[in-house]
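Following: one structure in C-alpha cells, then a few remarks.
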Amino acid sequence: MRLRHICTVATTLILLAGLASSAAARTKSHGGGAQAPESSGATGTTGTTGGTGATDPTEPLAALAPIVLGKHQSPDAVYSGPVFEVTPTGLVPYTAPSAGSTDATGTTVDGGATVSGGTTSASAMSASAVDNLTSGLLPDLEVPGSTAEEVKVDGLGLAAAPESAPPAVQEVIWNANRLIGLPYLWGGGHRRWISPGGYDCSGTVSFALHGGGLLNTPLDSGQFEHWGGRGQGEWMTILTNAGHAYLDVAGLRLDTSPAYDPSDLEGPRWRPLRPNNVGYFKRHPFGY
C-alpha cells in the first residue's frame with residue numbers, strides 16, 4: 001500500500017515537471033511578440049510572407065533612418081559634399097561627364113546640359129530615362145555617412161547611397177535610379193519589371209526592392225500594407241495605404257507623387273521627405 005502511494009506521487013511529480021518544461025519552452029520560442037516563420041527570412045523574397053513580424057518597441061528612434069523632414073529642414077536643400085563612384089577597382093571620386101565626352105561604350109554624352117530652372121527638357125529627360133532603364137549603365141554613386149543624397153547626373157536627380165548602408169540597401173537605391181525621369185503610368189511595373197512607358201507608385205517601390213533582392217513579385221499598395229514587418233525600418237520604410245505607396249530609404253523619398261516636392265514633377269523621382277506621413281501604414285523589409 002505504501003509502495004503504491006510512493007509510485008503515484010512520483011508519477012505526479014514527473015508529469016508536473018514535464019508541463020513546466022513545456023510551458024517554459026513555449027514562452028522562450030515566442031519571445032514576447034509574434035515572429036515570422038524562419039522560411040520567410042530577412043529577405044521577404046516571396047513578396048507575400050512575413051506579415052506577422054513586428055518592430056521591437058524598445059528600439060530607439062535614433063537608430064532608424066528619418067522618414068519626415070526635421071524641424072527647420074528645407075526641402076530645397078542641395079547636397080554639396082563629396083560624391084564617389086563604385087568601380088571594379090574601388091571607390092573613386094565621381095566627376096560628371098563633360099559635354100562631348102564618351103562613356104565606356106563609346107557613346108557621346110551631353111554632359112547633363114540643363115535649361116532654365118535647372119531641369120532638362122522633357123523630351124531629353126524622357127529619352128535619357130528610358131536608356132537608363134533598359135541599359136542599366138548608370139554609375140553606382142556613394143557618399144560618406146549614413147544618409148543618401150541626391151545629385152545631378154545628366155540633368156536627372158539620382159541618389160548616391162550612403163557608404164555605411166548594407167549592400168542590399170545600396171542596391172535598392174541604385175536600382176531605383178534607373179526609373180528616375182520616367183512618366184507616371186497606372187499599372188506600370190506590374191506586368192513586367194521593365195516598363196519603358198512608365199511606372200505607377202507601387203510599381204516603383206516594387207522595382208526598387210526587387211533590385212535589392214527583397215521582392216520577387218510586384219505588389220500593389222494594398223498588398224504592401226501586410227508585407228514585411230510593422231513599423232519604421234532601420235534603413236527603409238514603405239508608407240502605404242489602399243491608394244498610394246512610396247518608399248523612404250536612408251533619408252530620401254522615392255515617390256511618383258510631387259507632394260511636398262518643389263519640382264512639382266510627377267513620375268518616379270527622388271524627393272525630399274514629407275513633413276508628415278499621416279494616413280499611411282508603415283512597413284519595412286525584415287532586417288532593414
What strands (runs of 3 or more DSSP E) completely inside the range 115-203 contain at least 2 residues that are among the aliphatic types (A, V, I, L, M) and either closer than 15 Å to Trp270 by Cα or modelled with pLDDT under 90 (or both)? 149-153, 156-162
Among (1) part of a loop (DSSP other than H, G, I, E, B); (2) of a type outside the set (A, V, I, L, M); (3) more than 11 Å from the chain's Cα centre (by Cα), which single condition is Tyr288 missing? (3)
Based on what the data block shows, is Leu219 under 16 Å from the mean Cα position of the chain (by Cα) and either surrounded by fewer than 18 Cβ atoms within 10 Å (Cβ to Cβ) or not charged (D, E, K, R) (or both)? yes
Just to be sure before I move on: is Arg230 of a type in the set (Lys, Arg), surrounded by fewer than 24 Cβ atoms within 10 Å (Cβ to Cβ) and either within 24 Å of Glu142 (Cβ to Cβ) or without any contact (Cβ under 8 Å) to a residue 60 or more places away in the chain (or both) in the structure I sent? no
Any chance Gly267 is crowded, with 20+ Cβ neighbours inside 10 Å, closer than 16 Å to Ser206 by Cβ and small (Gly, Ala, Ser): yes
Given the conditions (1) crowded, with 19+ Cβ neighbours inside 10 Å; (2) touching a residue at least 40 places away in the same chain (Cβ under 8 Å), report the number of the one that Thr134 does not fulfil. (1)
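I'd like to check which strands (runs of 3 or more DSSP E) are fully inside the range 212-281 and have at least 1 residues that are small (Gly, Ala, Ser).
Ranges flagged: 245-249.
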Only one of (1) over 23 Å from Ile180 (Cα atoms); (2) touching an Asp or Glu at 6+ places or on another chain (Cβ under 8 Å) is not met by Thr240, so which one is it? (1)
Identify all residues within the range 200-221 that are out of contact with any strand residue (DSSP E or B) (no Cβ under 7 Å at 6 or more places or on another chain) and either farther than 17 Å from His284 by Cβ or without any contact (Cβ under 8 Å) to a residue 12 or more places away in the chain (or both); write none if there are none. Gly203, Asn216, Thr217, Pro218, Asp220
Of all residues in the range 245-264, which are surrounded by 18 or more Cβ atoms within 10 Å (Cβ to Cβ) and in contact with a Ser or Thr (Cβ under 9 Å, 6 or more places away or on another chain)? Ala245, Tyr246, Leu247, Asp248, Val249, Ala250, Gly251, Leu252, Leu254, Asp255, Thr256
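Among Ala168, Ala161, which is among the small types (Gly, Ala, Ser), surrounded by fewer than 24 Cβ atoms within 10 Å (Cβ to Cβ) and within 12 Å of the chain's Cα centre (by Cα)?
Result: Ala168 is the single residue among Ala168, Ala161 that is among the small types (Gly, Ala, Ser), surrounded by fewer than 24 Cβ atoms within 10 Å (Cβ to Cβ) and within 12 Å of the chain's Cα centre (by Cα).
The values are calculated or read from the model by the stated rules, or taken from the named source; none is laboratory data. Since this is a predicted model, take the numbers as computed values, not measurements. Note that each Cβ is placed from the backbone with ideal geometry, even for glycine, and that neighbours are counted across all protein chains shown.
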